[in-house]
Amino acid sequence: QVQFVESGGGLVQPGGSLRLSCIASGVIFSIYHMNWYRQAPGKQRELVASMNRGGSTNYAGDVKGRFSISRDNAKNAVYLQMNSLKLEDTAVYYCNAVLTGSEHWGQGTQVTVSS
């Protein structure tokens, strides 16, 4: 059974940090292009960060310099380190795995930035 399970969300004050994790099972994780998306209330889901299987990364403009995506293929894991969090980073964060002809989503983890 294919599963992608996120964890690490929570409530944090502005300026704080969180590290999200996504653990995969049932797939050959290392061959997937991995993404983190987020969806805030009333907004469309948006791409936050991505990493291909070669390790190249891309970030949305508003998180560049604050967020960092990484992966550990030995652990079937992808991470999103989020620093200097802002109120507008509040959203449900989803990991997404893409391979030609195949795509998988996690269930999401809530990140709330509030004072």
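The values are calculated or read from the model by the stated rules, or taken from the named source; none is laboratory data. Just so it is clear, the model here is predicted, and its values are computed rather than measured. Every residue, glycine as well, gets a Cβ built from its backbone with ideal geometry; the counts of neighbours run over all protein chains shown. Ligands, DNA and RNA are stripped out before the accessible areas are found, and what is left, the full protein with its side chains, is counted by its heavy atoms. Shrake-Rupley method; radii C 1.70, N 1.55, O 1.52, S 1.80 Å.
Yes/no per residue for (1) within 10 Å of the chain's Cα centre (by Cα); (2) farther than 30 Å from Q1 by Cβ:
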| site | (1), (2) |
| --- | --- |
| I28 | no, no |
| G54 | no, no |
| Y59 | no, yes |
| Q81 | yes, no |
| L87 | no, yes |
| C95 | yes, no |
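Test each condition in (1) under 17 Å from V113 (Cβ atoms); (2) basic (K, R); (3) in a strand (DSSP E or B) for R71 and report the one that comes out false. Every condition holds for R71 apart from (1).
I need the full set of residues from segment 74-103 which are in a strand (DSSP E or B), among the small types (G, A, S) and modelled with pLDDT under 95, in order please. Talk me through it step by step, then tell me what you get.
Just the residues of segment 74-103 that are in a strand (DSSP E or B), to begin with: 77-82, 91-99, 102-103.
Among the residues that remain, those that are also among the small types (G, A, S) are: 77, 91, 97, 102.
Result: S102, single match.
Within segment 78-97, the set of residues being surrounded by 15 or more Cβ atoms within 10 Å (Cβ to Cβ) and over 17 Å from R19 (Cβ atoms) comprises N96, A97.
What number of residues within segment 19-36 satisfy the criterion of being surrounded by fewer than 21 Cβ atoms within 10 Å (Cβ to Cβ) and in contact with a strand residue (DSSP E or B) (Cβ under 8 Å, 6 or more places away or on another chain)? Within segment 19-36, residues that are surrounded by fewer than 21 Cβ atoms within 10 Å (Cβ to Cβ) and in contact with a strand residue (DSSP E or B) (Cβ under 8 Å, 6 or more places away or on another chain) number 8.
Being open to solvent by 30 Å² or more (accessible area, probe 1.4 Å) and closer than 14 Å to S84 by Cα is the filter here, so list the residues in segment 1-15 that pass it.
Pass one, segment 1-15, residues open to solvent by 30 Å² or more (accessible area, probe 1.4 Å): 1-3, 5, 7-9, 11, 13-15.
Residues satisfying the conditions are L11, Q13, P14, G15.
Tell me, yes or no, whether segment 41-51 has at least one residue that is without any contact (Cβ under 8 Å) to a residue 40 or more places away in the chain, of a type outside the set (G, A, S), surrounded by 15 or more Cβ atoms within 10 Å (Cβ to Cβ) and under 21 Å from S115 (Cβ atoms). No, every residue in segment 41-51 fails to be without any contact (Cβ under 8 Å) to a residue 40 or more places away in the chain, of a type outside the set (G, A, S), surrounded by 15 or more Cβ atoms within 10 Å (Cβ to Cβ) and under 21 Å from S115 (Cβ atoms).
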